[in-house]
Amino acid sequence: MTAIWRSTLTLVGATTLTFGMAHAQSPDLSDPPAIDGEVVADHGSHTLRMGIGLSESSPQFLSSQYFGEILEQRTDGRITVNVFPNSQLGDDVQMMEMLQTGTLDMTYPSSSATTGYVEELSAFDLPFLLPNREAAMAVMQSDVAQEMLDDFEGTGLKALTFSENGYRQLSNSARPVETPEDVAGLDVRGLSVRTMQNPVHLAIWEALGANPTPMAFGELFSALEQGVVDGQENPWSTILTSNFNEVQDYGTETRHVYTPFIMMLSERTWDRMAPEYQELVMEAARQSAEYEIQLSAEYDDWSRKQLEERGMQITRLNDEQLAAFQEATQPVYDEWAPRIGEDIIAEIQQIVEDSSN
Ligand code: KDG
C-alpha cells in the first residue's frame, strides 16, 4: 500500500486520532485491489456511519475504508461510508443495538459478540476447533457458515460477510505462561483475564483456572494499564495496533480460538436501499472482506515479531504444552457442544478434515 493512498483514506474517514495512530505501525501491506465495475444507476444518496472497535492501523479499519472507496466510486459519490474507529461509538454489543434501533448504519463485531442473536455462531468460540487458516477459510466460506449469516434475518441486523479477526493469543502483565498451571497459578493467584462478552470464552478461561472478566474492548487498554485485569487475549495484530504491549510484558502463542469478524448493516438502512444498491453493498462487502483477510495474514506473524522487538516476552508453545491447553479446555466442548448443536460441530469438523486433503 502506498503512503499516499493510506493518508488519503485517513482523511476520508471520520477518525479521531487516539493512541492507535500515535505510532504508525504496519508491515509492508498489499495495495487494495483496483476498483472496477460500472457506476450503477442513481437511486439516491446514502451516508453510512460505521463504528468499529479497532484502531486506524488495523486491517479492519483499512479494509472498511476500502469498502467505502468501492461504494463511493461505483455510485459516483452517492454512497459514502464514514468509519469511526476505537470504539468511539460504543462496543460491539452496543453498536449492534444501535443498528437495531437505526441510530447507526454499520458495525463489524467479532462473531463472539453476536451469539446472543445467532447461537450457532458459538461454534467459532470452541477452543482449538479450527487448527489452521486454511481450515478457518473453508469453514467461513461453507454453507453452514452462510446459514449462520442468514439466521440474522428478523433481528434488525443484516449480516453481510465474514472476514478475519484471527487466532487469539494470551497476553498478561504478571508472568510468562507456558502451561495451564501458569494461568491458574499454583502458589500465586490465577490470572485475571479480560474476555469478550461471550459465555464460551468465559468457560474457556474458567477451565484454565483463570479469573475471567468480560469487558468491552474500548475499556481494555485502561483496565490493563490500571491493573484491573492481568491479561487479555486477542490476535497479535490487535495487541500491536492497540498498543497493549505497552502495558503487557508477556505473550503466549496459544491460538486457542479463531474468531471471524462479521460486517453488518442495520436492517432499517438495508430496507431503505434500492435493490441495485443492496447488491453493490454486498459485492463491496465481499471484496473488502477478501482484502481484510489478506491484510490480516500480512499482519499476523509480523506483529508477533514486532511485539518481541518492542520488548514483549513471547512464549511459543511446543506440541506437548499445546496439548495440555487442549486437554484442560475439553470440558468446554462437553458443556457447549450439545447447546450449539452436535450436528453443526460435526459438519464443521468434516470441513476442517476435508480442507487438509
Ligand atoms: O471492531 C472489532 C472489535 O470491536 C472487537 O471485536 C475486537 O476481538 C475483539 C475484542 O477482543 O473485543
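Values computed for the structure shown
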quantity	calculated
The one condition in (1) modelled with pLDDT of 95 or more; (2) not in a helix (DSSP H, G or I) that R189 fails to fulfil	(1)
Condition met for G156 (open to solvent by 10 Å² or more (accessible area, probe 1.4 Å) and free of Cβ contacts under 8 Å to residues at least 24 places away in the same chain)	no
Residue in segment 75-84 that is of a type in the set (A, V, I, L, M, F, W, C), in contact (Cβ under 8 Å) with a residue 24 or more places away in the chain and open to solvent by 30 Å² or more (accessible area, probe 1.4 Å) present	yes
Neighbours by Cβ (under 8 Å, 6+ apart or cross-chain): first from segment 31-60, under 24 Å from T269 (Cα atoms); second open to solvent by 60 Å² or more (accessible area, probe 1.4 Å) and assigned to a loop (DSSP other than H, G, I, E, B)	V39/D76; D42/D76; G51/Q88
All positions within segment 164-195 that are among the aliphatic types (A, V, I, L, M), more than 13 Å from the ligand (Cβ to nearest atom) and closer than 12 Å to G231 by Cβ	A174, V177, V183, L191
Helices (runs of 4 or more DSSP H) contained in segment 196-250 and holding at least 1 residues more than 15 Å from the chain's Cα centre (by Cα) and away from the ligand (no atom under 12 Å from the Cβ)	199-207, 220-225
Options P235, P260, P199, P212: the member that is under 29 Å from M140 (Cα atoms), touching a Ser or Thr at 6+ places or on another chain (Cβ under 9 Å) and open to solvent by 50 Å² or more (accessible area, probe 1.4 Å)	P199
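The values are calculated or read from the model by the stated rules, or taken from the named source; none is laboratory data. Just so it is clear, the structure is predicted and the values come from calculations on it, not from any experiment. So basically every Cβ, Gly included, is an ideal-geometry build from the backbone, and we count neighbours across all protein chains shown. Accessible surface areas use protein heavy atoms only, side chains included; no ligands, DNA or RNA. Shrake-Rupley method; radii C 1.70, N 1.55, O 1.52, S 1.80 Å.
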